[in-house]
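The block underneath contains the structure these notes are about, expressed in C-alpha cells.
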Amino acid sequence: TNQGTGRAHGKAILMGEHAVVYGFPAIAVPLPDLKVTATATLREGDSWLACSYYQGPLGDVPGELAGLHLLVAEVLKRFRWQWSVGVSIESDIPAGYGLGSSAAVAAAVARALYHLADAALSREALLDLVAISETVCHGAPSGVDALVTTGLNPLWFVRGNSPELISIPVPMFLVVATSSQSSNTRDTVQQVRVMQERLGSGAGPVHRIGALTVASRTAIERGDYPYLGALMIEGHRELAALNVTTPELEHLIATAIHHHALGAKLTGGGGGGSIIVLAQDACQQRQLADVLSTAGAVRVWTPVIQGATS
Ligand code: PMV
C-alpha cells in the first residue's frame, strides 16, 4: 500500500461530568455519526498536515492538534521509516465543544499510519499513541476519549481505573446539539473547584451527580430509558447548581423537554458547548433535531447507540 486510511468518531458524556474530577464515575457514549477520516502517505521533506483550518508542517500545527507530530514521530521510529509522512484529515467534529475531537483525530491518524505500514494496531498501542498526542494540549488525559472514539459501547469511567464497557440491550436514540459558544472546560473545572472548597467535604451537587450516575448505569443496562431521562434532567439541575450552564444551553434544554424528550442536559465542561437529549424513538429523535435547529442550535446530530454486535 502507498496510502493508509483510518477512522474514528466523536463522543459525549452522558452523565457525571465535573463529578468525575472528584473521583465519582462518569458515563461516556460514542457518537458514530460524528466521523473523522485520516489518510497517510509517505513523502520526502517535512511531515505535513492538511485539514480544514491548517495546511503546513506537522511540527507547527496550532491548537488541539499540536501533539500530532509526537504521535507521528513515535510511529516513524517504531517502523524505522526513513521517510516523512503526509497526513490529511476530514472531520465532522467541531473542536472545543466537548465532543472528543482531538482524541478522535489522533486515533484516526494512528490507524491510518498502521494501515500504511500494513501492521495490526492493538487496543493498547492505540491508546498509548493517542495519549502521546493528547498530553500536549490536555495535560493528563484519562484515556476515556481514546477508547470511546473507537468503540461502539457506552463506557463507565472512574479516575485512575481502566474504563468498563456498559452493555446496552436496547438502542438509545440521542440528539446532540451545539450552542453558538464553544466550551472552556479549564475555566468551568476551576470554577467548580472554588465552589467545592467553599462547600467543604459535605454533600453537594457533585455528590448528588455521583449517585445519579450510578443509577444511570443500571437504567441503561435494564433499557429503562424513561428513568434514564429523568436522571439526566436531575443531573442537569445539579450542573446548573454548579453554575456551568448558559442561557443558550438552558433555552435548548427547555425546548427539548417542552417537546417531550425523555431527558436533556448539557454535556462536557459547559459554559457553552453542547447538549445531549434522550429521545423516545427514531421518529421523535428526528422531530427533536428539527425543533432544536429552529430554536437556534448551530449543529445537530441524531446518533443511535447500539453497542458492539460481537
Ligand atoms: O468537555 P469535555 O468533554 O472534555 O468534558 C469535560 C469533563 C469534565 O468532567 C468537566 C472535566 C474532566 O476533566 O473530566
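The values are calculated or read from the model by the stated rules, or taken from the named source; none is laboratory data. Keep in mind it's a predicted model, so treat the numbers as computed, not measured. With ideal geometry, Cβ positions are generated from the backbone for all residues, glycine too; neighbour counts draw on all protein chains shown. All accessible areas refer to the heavy atoms of the entire protein, side chains included, with ligands and DNA or RNA removed. Shrake-Rupley method; radii C 1.70, N 1.55, O 1.52, S 1.80 Å.
So which of 302, 245 is more than 23 Å from residue 168 (Cα to Cα), polar (S, T, N, Q) and open to solvent by 10 Å² or more (accessible area, probe 1.4 Å)? Even if it seems obvious, please write down each step before you answer.
On the way: 302 fails: more than 23 Å from residue 168 (Cα to Cα).
Just one listed residue meets the conditions, 245.
All but one of (1) more than 14 Å from the ligand (Cβ to nearest atom); (2) at pLDDT below 95 hold for residue 196; state the number of the condition that does not hold.
Looking at each condition in turn, residue 196 falls short on (1).
Could you check the range 94-124 and list, in sequence order, the residues that are more than 14 Å from residue 144 (Cβ to Cβ), among the small types (Gly, Ala, Ser) and in a loop (DSSP other than H, G, I, E, B)? Break it down into steps so the answer makes sense when it comes.
To start, the set of residues in the range 94-124 that are more than 14 Å from residue 144 (Cβ to Cβ) comprises 94-97, 101, 105, 108-122, 124.
With among the small types (Gly, Ala, Ser) added as a condition, the list becomes 95-96, 101, 108, 110, 112, 117, 119-120, 122.
Across the range 94-124, the qualifying residues are 95, 96, 119, 120, 122.
In the range 159-176, how many are crowded, with 17+ Cβ neighbours inside 10 Å and at pLDDT below 95?
First pass over the range 159-176, keeping only residues crowded, with 17+ Cβ neighbours inside 10 Å: 163, 166, 168, 172-176.
Among the residues that remain, those that are also at pLDDT below 95 are: 163.
Looking only at that region, the number is 1.
Would you mind stating whether residue 194 is within 15 Å of residue 18 (Cβ to Cβ), open to solvent by 20 Å² or more (accessible area, probe 1.4 Å) and aliphatic (A, V, I, L, M)?
Judged against the criteria, residue 194 is a match.
Inspect the range 157-175 for any residue being within 14 Å of the ligand (Cβ to nearest atom), within 17 Å of the chain's Cα centre (by Cα) and among the small types (Gly, Ala, Ser) and give the result as yes or no.
no
This table checks each residue for (1) at negative phi; (2) of a type in the set (A, V, I, L, M); (3) part of a loop (DSSP other than H, G, I, E, B); (4) touching a residue at least 24 places away in the same chain (Cβ under 8 Å).
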{"site": "191", "(1), (2), (3), (4)": "yes, no, no, yes"}
{"site": "211", "(1), (2), (3), (4)": "yes, yes, no, no"}
{"site": "232", "(1), (2), (3), (4)": "yes, yes, no, yes"}
{"site": "235", "(1), (2), (3), (4)": "yes, no, no, yes"}
{"site": "248", "(1), (2), (3), (4)": "yes, no, no, yes"}
{"site": "266", "(1), (2), (3), (4)": "yes, yes, no, yes"}
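Assuming residue 107 fulfils every condition listed in (1) closer than 25 Å to residue 44 by Cα; (2) more than 16 Å from the ligand (Cβ to nearest atom) apart from one, which condition is it?
If we test residue 107 against (1) closer than 25 Å to residue 44 by Cα; (2) more than 16 Å from the ligand (Cβ to nearest atom), just (2) comes out false.
In the range 254-264, which residues are assigned to a helix (DSSP H, G or I) and either within 16 Å of the ligand (Cβ to nearest atom) or open to solvent by less than 10 Å² (accessible area, probe 1.4 Å) (or both)?
256
If the Cβ limit is 7 Å and pairs must be 6+ apart or interchain, which residue in the range 1-12 that is over 29 Å from residue 276 (Cβ atoms) pairs with which residue that is open to solvent by 90 Å² or more (accessible area, probe 1.4 Å)?
Final answer for the pair search is 1/118.
Hey, does the range 276-290 have a residue that's in contact with an Asp or Glu (Cβ under 8 Å, 6 or more places away or on another chain), in a strand (DSSP E or B), under 22 Å from residue 234 (Cα atoms) and open to solvent by less than 10 Å² (accessible area, probe 1.4 Å)?
no
Taking the condition of being loosely packed, with under 15 Cβ neighbours inside 10 Å and either among the acidic types (Asp, Glu) or assigned to a loop (DSSP other than H, G, I, E, B) (or both), how many residues in the range 54-80 meet it?
3
Any chance the range 127-137 includes a residue that's within 16 Å of the ligand (Cβ to nearest atom), without any contact (Cβ under 8 Å) to a residue 60 or more places away in the chain, assigned to a helix (DSSP H, G or I) and under 17 Å from residue 6 (Cβ atoms)?
The first filter runs over the range 127-137 and keeps only residues within 16 Å of the ligand (Cβ to nearest atom), leaving 130-131, 133-137.
Going one step further and asking which of them are without any contact (Cβ under 8 Å) to a residue 60 or more places away in the chain, we end up with 130-131.
Subsequent filtering for residues that are assigned to a helix (DSSP H, G or I) retains 130-131.
Next, from what is left, pick out any that are under 17 Å from residue 6 (Cβ atoms): 130-131.
Checked the range 127-137: at least one residue is within 16 Å of the ligand (Cβ to nearest atom), without any contact (Cβ under 8 Å) to a residue 60 or more places away in the chain, assigned to a helix (DSSP H, G or I) and under 17 Å from residue 6 (Cβ atoms).
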